[in-house]
Every structure is written in C-alpha cells, then in structure tokens.
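Take a look at the structure below.
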Amino acid sequence: MEEERVNKPSPSLRQSFAQACPYYMSIGMTFDEFWYKESWRTIVYRRADDIRFEKDDMARWLNGRYVYEAIGRLSPVLNWGSKTGKAEPYLDLPFTKQAKPEEQQKTQREYEEAEIANAKILMSNLRRQFKNRPKLE
Amino acid sequence: MAEKTTSKTVASEKKEIEIVNPILLDWDDREYTLDFNRDTASALQYAGFDADKIATHTLIYPEQLFNYAFKMHHPNVNRRHIESMWRSLGGEDRADIVSELLKLYFQTINATWEGDGGEKKVKWRRKG
C-alpha cells in the first residue's frame with residue numbers, strides 16, 4: 001500500500017493549475033488571464049473576493065438589523081396583550097445617516113443654551129416693562 | 001546587463017501583496033522581459049525541469065529555466081539566439097539570473113495556492 005503511494009506519479013503542474021482554474025474563473029478571472037498573464041494576478045483576485053465577501057456579509061448583517069428594528073417597532077401591534085396596541089413609526093433615517101450619540105448630546109446642549117438665552121431676553125423685557133409701568137396714584 | 005528584480009509590495013487593506021517583478025535583459029540593442037506564466041511554467045515542468053534538482057543538474061536545468069523564461073513575452077525568439085545569450089553570461093550573472101528566475105517560477109505556484117497568512121505562522125529553524 002505504502003509502495004503504491006510512493007510510486008504514484010505526482011500530478012503535473014498543468015493538471016494542478018487546471019484544477020485551480022475554475023475557482024479563479026468563479027471569482028471573475030478569465031481563462032486567458034489565469035494561464036497567460038502575470039501569475040500574481042490570482043492573489044489580487046483572491047483579495048478582491050475576500051473584500052467582496054466582507055461587504056456582502058456587512059450588507060446581510062445590516063439587513064438583519066433593519067428587520068430586527070422593524071419587528072421591534074411593530075411588537076406592540078403583534079403583542080395581543082399590549083394595552084397601547086400602536087406601532088411605533090419606522091426609522092426616519094437609515095442607521096448610517098442617523099446622528100451619533102455625541103452629536104445628539106451636542107444638539108441637546110445647543111437647544112438648552114438657546115432656551116436659556118430666550119428666557120433671559122424675555123426676563124429683561126419684562127423687567128424693563130415693569131420698570132416703565134405707569135405709577136398708580 | 002541583466003536588471004535584478006526587486007520584490008514590489010502593494011499595500012492592501014489586510015496584508016501586503018508580494019510581487020516578484022520580471023527580469024529585463026538587454027541584448028543587441030533589444031530589451032527582453034523574462035517571466036513565467038502558468039502556461040510556460042507547466043511547459044517547463046513537462047519538458048523535464050525539476051526545481052529541486054537544479055543544484056545537482058547544473059548543466060541542463062539552469063539553461064532550460066533561462067530558455068523557457070522567454071516564452072511568455074518572446075515566444076518566437078530563435079533558440080540559438082537564446083543559447084548565445086546564455087553563453088555570454090558570466091558565472092555570477094548566471095547564478096543571479098537563475099536564482100531570480102526560480103523566484104519567478106515559484107511565484108506561479110505560490111500565487112495559485114497561497115496560505116491564509118494568518119497570525120499563527122509555522123516557526124522553523126535549522127538543526128545544530
């Protein structure tokens with residue numbers, strides 16, 4: 001058995017390359033490119049395929065998140081025991097367009113500061129009006 | 001006479017891509033590019049070339065390697081012309097060219113079945 005294995009001729013390079021060729025053709029390489037062009041191109045194609053897979057995987061994951069989010073927002077309708085029974089509206093913007101928590105905090109602070117400034121103006125106006133009011137005899 | 005190859009690296013998001021550049025050879029006011037593709041590397045092996053035995057079969061294999069390196073870019077160059085080029089190369093030049101040609105030859109094989117290049121690389125050392 002061992003002797004058989006030793007005497008078995010190793011596959012030629014052409015056979016080995018021919019076995020690998022369909023895989024590279026499946027990731028976008030042409031037959032001529034595989035056999036007749038620079039050999040390192042296969043590395044680039046493999047990397048490109050890795051990147052494509054990662055991007056597709058990210059898209060699938062994001063899709064799952066949207067479905068999860070949508071089901072979560074619909075859950076009051078789906079839950080028969082719920083008192084409200086109203087579905088929350090769907091996201092206004094996609095996840096990538098939504099403000100980050102830091103930005104949300106910033107806008108909140110800006111809003112508060114504007115409110116304080118408005119209140120100050122209102123108070124000073126009232127104070128002025130109160131000062132200039134006609135005196136009662 | 002012969003321009004030595006340099007390994008070029010292309011920055012990639014994950015890891016660098018190592019490329020062995022072809023050899024440029026000037027002869028009779030003409031520039032020749034020596035390289036291998038999968039077709040010529042297979043033809044070289046089919047012709048009997050064995051890279052493992054190149055050190056012991058110094059009369060046949062280095063010249064055969066040199067000869068087949070022309071086939072990718074210059075398939076119609078006369079064989080005698082290539083032979084005369086080979087004869088004109090000095091010993092050191094020959095050794096350098098053969099070692100660079102071997103890199104190009106192995107690139108065709110390694111680029112086809114590259115390992116995943118993960119962090120857990122096999123460590124090895126020489127005995128003694």
When chain A is modelled as a GNM with alpha-carbon springs shorter than 10 Å, which of A:125, A:63, A:79 fluctuates the most?
A:125
Determine ³J(HN,Hα), in whole Hz, for all residues of the stretch A:49-60 in sequence, where each value follows from phi through the Karplus function 6.51 cos²θ - 1.76 cosθ + 1.60 and θ = phi - 60°; x replaces Gly and Pro.
5, 4, 5, 4, 5, 4, 5, 4, 5, 5, 5, 5
Mean residue ellipticity (222 nm) of chain A, computed from DSSP H runs ≥ 4 via -39,500 (n - 2.57), nearest 500
-23500 deg cm²/dmol
Mind grabbing the base-10 log of I(q)/I(0) for chain A at q = 0.10, 0.13, 0.18 Å⁻¹? Debye formula, identical points on the C-alpha positions, no solvent, two decimal places.
-0.78, -0.90, -1.11
At what distance in nm do the modelled label points of residue B:27 and residue B:60 sit from each other, each positioned 7 Å from its Cα along Cα→Cβ?
2.2 nm
Inter-chain shielding of A:18-27 (mean C-beta neighbours from other protein chains, 10 Å cut-off):
1
q = 0.11, 0.20, 0.22, 0.25 Å⁻¹: log10 I(q)/I(0) that the Debye formula gives for the stretch B:34-110, counting C-alpha atoms only:
-0.24, -0.85, -1.04, -1.36
Within 10 Å of each Cβ in A:41-47, how many Cβ atoms from other chains are there, averaged over the peptide?
5
Taking 7 Å along the Cα-to-C-beta vector as the label spot, tell me the residue B:77-residue A:74 distance in nanometres, rounded to one decimal.
6.9 nm
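For the stretch A:10-91, what is the convex hull volume of its Cα atoms per residue in Å³?
Spelled out: Cα convex hull of the stretch A:10-91, divided by residues, is 130 Å³.
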Got a sec to turn the phi values of the stretch A:77-92 into Karplus ³J(HN,Hα) couplings, 6.51 cos²θ - 1.76 cosθ + 1.60 with θ = phi - 60°, whole Hz, x for Gly and Pro?
6, 6, 7, 6, x, 5, 7, 5, x, 10, 7, 6, x, 5, 3, 5
Among all stretches of chain A without exposed trypsin sites (Lys or Arg not before Pro) (DSSP loop, at most 14 other Cβ atoms within 10 Å), which one is longest?
A:1-82
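Taken together, the values in this text are just the output of simple stated rules run on the coordinates, not laboratory data. Computed from a prediction, not measured in an experiment: that's the story for all the values here. Every residue, glycine as well, gets a Cβ built from its backbone with ideal geometry; the counts of neighbours run over all protein chains shown.
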